[in-house]
1. Given (1) over 13 Å from residue 21 (Cβ atoms); (2) surrounded by 15 or more Cβ atoms within 10 Å (Cβ to Cβ); (3) touching a Phe, Trp or Tyr at 6+ places or on another chain (Cβ under 9 Å), identify the lone condition not met by residue 81.
2. If the Cβ limit is 9 Å and pairs must be 6+ apart or interchain, which residue in the stretch 7-29 that is more than 21 Å from residue 75 (Cα to Cα) pairs with which residue that is assigned to a helix (DSSP H, G or I) and of a type in the set (Val, Ile, Thr)?
3. State which residue is modelled with the lowest pLDDT when the search covers only the stretch 50-71 and only residues that are farther than 15 Å from residue 31 by Cβ, of a type outside the set (S, T, N, Q) and loosely packed, with under 12 Cβ neighbours inside 10 Å.
4. Are there helices (runs of 4 or more DSSP H) fully within the stretch 29-108 with at least 1 residues that are within 12 Å of the chain's Cα centre (by Cα) and at positive phi? List them.
5. Which residue is surrounded by the fewest Cβ atoms within 10 Å (Cβ to Cβ), if the candidates are limited to the stretch 28-49 and must be among the acidic types (Asp, Glu) and in contact with a Lys or Arg (Cβ under 9 Å, 6 or more places away or on another chain)?
6. Would the stretch 16-25 turn up any residue that is over 14 Å from the mean Cα position of the chain (by Cα) and not aromatic (Phe, Trp, Tyr)?
Amino acid sequence: MDEMLSRLEAELRRGTLVLAVLSGLHEKRYGYELRRSLTEAGLPVEEGTLYPLLRRLESQGLLESEWDTDGGSPRRYYRLGADGRRALKLLTEAWRRQVTVLDTLLSD
């Protein structure tokens, strides 16, 4: 039972990951920094999940990225593009509607 509940909880987290990532990129951040902030907020994300998602969101036109090679190791920074800001707004509205529905269902 514990293993099954753990898998179901992981499915819930995966369903919210795009919204969480978009919400964390109002300002430019590199992947590790974003991953750390998500983890600190209570949404741990594996590197093998986050980096492919960042690349996919960029290929969909929601994110912009740039390399910073000044100083130490080169880092790729991501931030919301114009479409990403619109998507974040619409997904946030959809999320809030779903929370309202689920609160109603769960309180019955």
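1. Of (1) over 13 Å from residue 21 (Cβ atoms); (2) surrounded by 15 or more Cβ atoms within 10 Å (Cβ to Cβ); (3) touching a Phe, Trp or Tyr at 6+ places or on another chain (Cβ under 9 Å), only one is false for residue 81: (3).
2. Listed pairs, sorted by first residue: 14/49; 17/49; 19/92.
3. So, considering only residues that are farther than 15 Å from residue 31 by Cβ, of a type outside the set (S, T, N, Q) and loosely packed, with under 12 Cβ neighbours inside 10 Å, the one modelled with the lowest pLDDT is 71.
4. Per the criteria, no element qualifies.
5. 46
6. no
The values are calculated or read from the model by the stated rules, or taken from the named source; none is laboratory data. Computed from a predicted model, the values in this text were never measured in an experiment. Virtual Cβ from ideal backbone geometry, glycine too; neighbours counted across all protein chains shown.
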